[in-house]
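Trainee: Next up is a structure, given as structure tokens.
The values are calculated or read from the model by the stated rules, or taken from the named source; none is laboratory data. Keep in mind it's a predicted model, so treat the numbers as computed, not measured. Cβ atoms come from the backbone with ideal geometry, glycine included; neighbour counts cover every protein chain shown. Protein only, heavy atoms only, side chains kept; ligands, DNA and RNA dropped before computing areas. Shrake-Rupley method; radii C 1.70, N 1.55, O 1.52, S 1.80 Å.
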Amino acid sequence: MLSSHPGAPGNDLNIATVSVKPFAGQRPGTSGLRKKTKEFMQPGYVEAFVQSTFNAMRGSVSGDFNRSTLVVGGDGRFHTKEAIQKILHVAIGNEFGRVLVARGGILSTAAMSAVIRRRKAFGGLILSASHNTGGIDADFSIKYNVSNGGPAPEDITERIYEFTQFINHYYWFQWDDIEVNKVSMQTYALTEIEVFDPVADYTALMSELFDFDALRKFFQTGFRMVFDGMSGSTGLYATHILEEQLGAPKGTVINGIPLEDFAGEDSNPNPVYAASLVHRMEAHDAPDLGAANDADSGRNTILGRNIFVAPGDSLAVIAEYAGQLIPGYRNGLSGIARSMPTSTAADRVAKALKIPIYETPTGWKYFASLMDAGLCTVCGEEDFGMGSNHTREKDGFWAVLCWLSILCGLRTSVAEVMSKHWARFGRSYFQRHDYEGLSLSGANQMNEELRALLPGLAGKVFGSSRIAIADDFIYTDPVDHSVTPNAGIRVLLEDGSRVVSRLSGTGTQGATLRLSLERFTRQYDKDSSEMVAPLAVSIRQLLRLKERFNREDPDVIA
């Protein structure tokens, strides 16, 4: 049986053992422990979860924590400052040898992964709820990333959860708040606290992958772009790299100052929440490139003048040109991976490059496994997440630099890049329709009833084609051969089109149904909404959304 008592630290170090009762529901998932902010504000809540995380990990460290390095930071949302203080005091109480905390507590998820890997840290605690709104009535999360820089795998998150169920105390360093707003080295008890520059490691990594000299010269030719930081952590990195390192004009980065509530908006960089950026790119004097990242820099969106690049297309184009135009990938790609709901555009590029394509469940840990094994180089998800083997997390700003490099190398427009790509590979018209705030029990019942229908759907008319295969996706990891069932329901059509139905696990209220609609054709000059409309009608009818939830129109179309 697991024990919640890892061995009491020395009593002469201002370290106290504080009693605490277990909190119900502290089960972390792929996105960490994600709850409403007010839950994390309960006395002892953060401390109990962090101590449980340390308890779960203690056995995997040789010589306990005194030789280990922990990284701490987040996207700057409401309650981050207070949570960081609690984490630091519990970490010192557990006698970590060293804790690296980002100055001001601001650290993007991609930068967290980079710091863990470059500094050979034991792991890190990320305070972020991705694109979800920040604020006292909004969302908060603590996620543990392991030594490869990626999210903790399920066996570790389940071990953490087991400890949360019977924890009865945590270790606390009795001291005032620790200064984290300026770069410094401090020692408390047996722990060295280093407050580090949050952009330094990440900028160094980007300069190794991309030709900064060429990009500086590109901006000097008059190339214009606009980057929307959406008031999250990415603004720090974008301002430093684009404006200070690459010489883009001041004002290239908008909404670049991190705010605790992200200016009261959802920071998801899709066309709905980044509507002002979309409108700017539709103007007669629009810049050459438009881009946005969400609060923690995981998700991204790419736009040209009057053109939006779908996530699957963006991954496919980056994979197509990375080996030619981006120095960090001049040796070629070992493989491409995409989440199952993501469009099949990258599959056709992989075939042309004669490299493997991997279709995984949604969740970055599946990509991390492939990258650790050297099987894939670039990867992407349907929800605007993208990255490569330079980290083990999605990296939205990396994707922006990829597109900047492609435009620099080709000296052409985003629209022309896409037209050339579609002419060669065909086009997957893709939209994702999200239905938010559904009854959780009703959504689960809908899924079960749909699963029961799957064996009899082959051959039936669906959209403008017929169903070839209907199944519940099962993934077998090619590295450890673990099996992930029930990863999303697929309806595959005879003409190469697809619909994927999946319930999302990243919200904090009710259920979110995500319908990924993909229609493949060699015609590439049509309207996306018009092309996927028959698929949308058919899947709504199959799921009986009107009857079940009195819903037809999605809350978000991305």
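Trainee: Output the residues belonging to the stretch 516-558 that are closer than 25 Å to Glu448 by Cα, among the small types (Gly, Ala, Ser) and touching a Phe, Trp or Tyr at 6+ places or on another chain (Cβ under 6 Å).
Mentor: Ser538
Trainee: Ok, one more. Closer than 30 Å to Ala423 by Cα, open to solvent by 40 Å² or more (accessible area, probe 1.4 Å) and not in a strand (DSSP E or B): which single residue out of Glu530, Glu552, Glu547 fits that description?
Mentor: Glu530
Trainee: What number of residues in the stretch 22-44 are under 15 Å from Asn168 (Cβ atoms) and in contact with a helix residue (DSSP H, G or I) (Cβ under 8 Å, 6 or more places away or on another chain)?
Mentor: Total satisfying the criteria: 3.
Trainee: Taking the stated definitions as given, is Thr506 assigned to a strand (DSSP E or B) and either at pLDDT below 95 or more than 23 Å from Ala452 (Cβ to Cβ) (or both)?
Mentor: No; evaluated as a whole, the condition is false for this residue.
Trainee: Continuing with the same structure: Would you mind telling me which numbered condition in (1) closer than 30 Å to Asp471 by Cα; (2) touching an Asp or Glu at 6+ places or on another chain (Cβ under 9 Å); (3) modelled with pLDDT of 95 or more His421 fails?
Mentor: If we test His421 against (1) closer than 30 Å to Asp471 by Cα; (2) touching an Asp or Glu at 6+ places or on another chain (Cβ under 9 Å); (3) modelled with pLDDT of 95 or more, just (1) comes out false.
Trainee: Six or more apart or on different chains, Cβ under 7 Å: which pairs go from a residue in the stretch 36-53 that's in a helix (DSSP H, G or I) to one that's among the β-branched types (Val, Ile, Thr) and open to solvent by 10 Å² or more (accessible area, probe 1.4 Å)? Could you list them?
Mentor: Once the first residue is in a helix (DSSP H, G or I) and sits in the stretch 36-53, its partners that are among the β-branched types (Val, Ile, Thr) and open to solvent by 10 Å² or more (accessible area, probe 1.4 Å) give Thr37/Ile136; Lys38/Ile136; Glu47/Val20; Ala48/Val20.
Trainee: Here is a follow-up. Collect the residues in the stretch 501-523 that are over 26 Å from the mean Cα position of the chain (by Cα) and open to solvent by less than 80 Å² (accessible area, probe 1.4 Å), keeping them in residue-number order.
Mentor: Phe520, Thr521
Trainee: Among all residue pairs at least 6 apart or on different chains, which show Cβ distances below 9 Å where the first residue, located in the stretch 350-367, is open to solvent by 40 Å² or more (accessible area, probe 1.4 Å) and the second is in a loop (DSSP other than H, G, I, E, B) and among the aromatic types (Phe, Trp, Tyr)?
Mentor: Taking only residues 6 or more apart or on different chains, the pairs are Glu359/Phe473.
Trainee: Same structure, new question: Inside the stretch 317-348, can you point out the residues that are open to solvent by less than 20 Å² (accessible area, probe 1.4 Å) and hydroxyl-bearing (Ser, Thr, Tyr)?
Mentor: Residues satisfying the conditions are Tyr321, Tyr329, Ser339, Thr342, Ser343.
Trainee: Taking into account only those residues within the stretch 423-440 that are touching a strand residue (DSSP E or B) at 6+ places or on another chain (Cβ under 9 Å) and not in a strand (DSSP E or B), which is least open to solvent (accessible area, probe 1.4 Å)?
Mentor: Out of the qualifying residues, it is Gly426.
Trainee: List the pairs whose first member sits in the stretch 450-471 and is over 16 Å from Ala487 (Cα atoms) and open to solvent by less than 30 Å² (accessible area, probe 1.4 Å), whose second member is among the hydrophobic types (A, V, I, L, M, F, W, C) and part of a helix (DSSP H, G or I), and whose Cβ atoms are under 6 Å apart, counting only residues at least 6 apart or on separate chains?
Mentor: Listed pairs, sorted by first residue: Gly463/Leu535.
Trainee: Looking only at the stretch 321-340, which residues are assigned to a loop (DSSP other than H, G, I, E, B) and either closer than 17 Å to Met371 by Cβ or touching a Leu at 6+ places or on another chain (Cβ under 9 Å) (or both)?
Mentor: Ile326, Asn331, Gly332, Leu333, Ser334, Gly335
Trainee: Additional query: Go through the stretch 474-490 and report how many residues are open to solvent by 70 Å² or more (accessible area, probe 1.4 Å) and part of a loop (DSSP other than H, G, I, E, B).
Mentor: 5
Trainee: Quick check on Met225: is it among the aliphatic types (A, V, I, L, M), at pLDDT below 95 and crowded, with 16+ Cβ neighbours inside 10 Å?
Mentor: Taking the combined requirement at face value, the residue does not satisfy it.
Trainee: Right, something else. Taking the criterion of being part of a loop (DSSP other than H, G, I, E, B), surrounded by 19 or more Cβ atoms within 10 Å (Cβ to Cβ), free of Cβ contacts under 8 Å to residues at least 60 places away in the same chain and not β-branched (Val, Ile, Thr), would at least one residue in the stretch 373-390 satisfy it?
Mentor: yes
Trainee: Given the residues Ala399, Ala415, which is the only one that is at pLDDT 95 or above and loosely packed, with under 15 Cβ neighbours inside 10 Å?
Mentor: When all the criteria are applied, what remains is Ala415.
Trainee: Moving on. Do any strands (runs of 3 or more DSSP E) lying entirely in the stretch 232-316 carry at least 1 residues that are touching a Ser or Thr at 6+ places or on another chain (Cβ under 8 Å), open to solvent by less than 10 Å² (accessible area, probe 1.4 Å) and of a type in the set (Gly, Ala, Ser), and which ones are they?
Mentor: The strands (runs of 3 or more DSSP E) meeting that bar are 289-293, 300-304.
Trainee: Looking only at the stretch 212-222, decide whether some residue is out of contact with any strand residue (DSSP E or B) (no Cβ under 6 Å at 6 or more places or on another chain), open to solvent by 30 Å² or more (accessible area, probe 1.4 Å), part of a strand (DSSP E or B) and free of Cβ contacts under 8 Å to residues at least 12 places away in the same chain.
Mentor: no
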